[in-house]
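Written out below as structure tokens is the structure these notes cover.
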Amino acid sequence: SFLQVQSEDSVLLFVVAWTITEIIRYSFYTFSLLNHLPYLIKWARYTLFIVLYPMGVTGELLTIYAALPFVRQSGLYSISLPNKYNFSFDYYTFLILVMISYIPIFPQLYFHMLHQRRKVL
């Protein structure tokens, strides 16, 4: 069920990763706006993603994967024909496409951040 998905360890994985990432990111923005950016914040912004980004993405993918049986069985967010809009949407298929999209997108974003790290640090 949906509550079982919420209690997956993978949820904790991505919540912790993205929470730490956002704390670092907004600290970086705040100190930059104040023209007083400590090197530790700058270093954290361009270094900790090396671990946190794969950790967050892994947590997201494992959570989506864990939700797939529930989504398929319940028809969650899906719209089937016939209906007055003559439109259908299968959320289960959409989630699979989202998971597949990580294959080309994740390396692009990750290597962009590595390039930014080399440039900034």
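The values are calculated or read from the model by the stated rules, or taken from the named source; none is laboratory data. Please read these numbers as outputs of a predicted model, since none were measured by experiment. Neighbour counts are summed over all protein chains in view; Cβ atoms, including those assigned to glycine, are modelled from backbone coordinates with ideal geometry. The area values use the complete protein model at the heavy-atom level, side chains included, leaving out ligands, DNA and RNA. Shrake-Rupley method; radii C 1.70, N 1.55, O 1.52, S 1.80 Å.
If you go through segment 39-54 and pick out every residue that is open to solvent by 50 Å² or more (accessible area, probe 1.4 Å) and closer than 29 Å to Ile100 by Cβ, you end up with 3. Kindly indicate whether any position in segment 107-118 is within 21 Å of the chain's Cα centre (by Cα) and closer than 21 Å to Gln6 by Cα. No, segment 107-118 has no match at all. For segment 85-93, does any single residue satisfy the condition of being within 20 Å of Leu62 (Cα to Cα), touching a helix residue (DSSP H, G or I) at 6+ places or on another chain (Cβ under 6 Å), hydroxyl-bearing (Ser, Thr, Tyr) and open to solvent by less than 70 Å² (accessible area, probe 1.4 Å)? Yes: segment 85-93 contains one or more residues that are within 20 Å of Leu62 (Cα to Cα), touching a helix residue (DSSP H, G or I) at 6+ places or on another chain (Cβ under 6 Å), hydroxyl-bearing (Ser, Thr, Tyr) and open to solvent by less than 70 Å² (accessible area, probe 1.4 Å). Residues in segment 62-73 that are without any contact (Cβ under 8 Å) to a residue 12 or more places away in the chain and either closer than 22 Å to Leu13 by Cβ or open to solvent by less than 90 Å² (accessible area, probe 1.4 Å) (or both): Pro69 only. Would you please list the contacts, defined by Cβ atoms under 6 Å and residues six or more apart or on different chains, that run from a residue in segment 84-104 that is closer than 19 Å to Ala67 by Cα to a residue that is open to solvent by 60 Å² or more (accessible area, probe 1.4 Å) and among the hydroxyl-bearing types (Ser, Thr, Tyr)? Qualifying pairs under 6 Å: Tyr91/Tyr77.
Of everything listed in (1) within 21 Å of Ile64 (Cβ to Cβ); (2) at pLDDT 95 or above; (3) open to solvent by less than 70 Å² (accessible area, probe 1.4 Å), the single unmet condition for Leu12 is (3). With respect to Leu68, determine if the residue is of a type in the set (A, V, I, L, M) and closer than 30 Å to Leu121 by Cβ. No: the conditions fail for Leu68.
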